[in-house]
1. Those residues that are part of a loop (DSSP other than H, G, I, E, B) and surrounded by 14 or more Cβ atoms within 10 Å (Cβ to Cβ), I need them from segment 23-57; list them, please.
2. Are any residues in segment 5-45 modelled with pLDDT of 90 or more and of a type in the set (Val, Ile, Thr), and if so, which ones?
Amino acid sequence: MNDSVQRVPATYREAIAELDRILNELEGEAVQVDDLALKVERAAWLITHCQTVLRGTQDQVKRTLEALELQRNASEPQQTSMRAEGP
């Protein structure tokens, strides 16, 4: 695979912007036939990269929320169940 296909964007936003530029080029028929395969390959790589970034972010947010929940549960006073006994 070509090095330019695997160049990692600095940010997710940069990857999406590049993907958008490629899409606009493809839709506008501005891509030369000689560049077409490379553009499509780059777009596919960017899509995979963005999906990986999103999954990583989702996992990180989930872990953070779980840690907050554990912290909250640990700081709550333990409540004992008191039942009024009936006649």
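1. Hit for segment 23-57 is Val31, nothing else.
2. Passing the criteria: Val8, Thr11, Ile16, Ile22, Val40.
The values are calculated or read from the model by the stated rules, or taken from the named source; none is laboratory data. All values reported here derive from a predicted model rather than from experimental measurement. Positions of Cβ are generated from backbone atoms using ideal geometry, with glycine treated the same way; all protein chains shown enter the neighbour counts.
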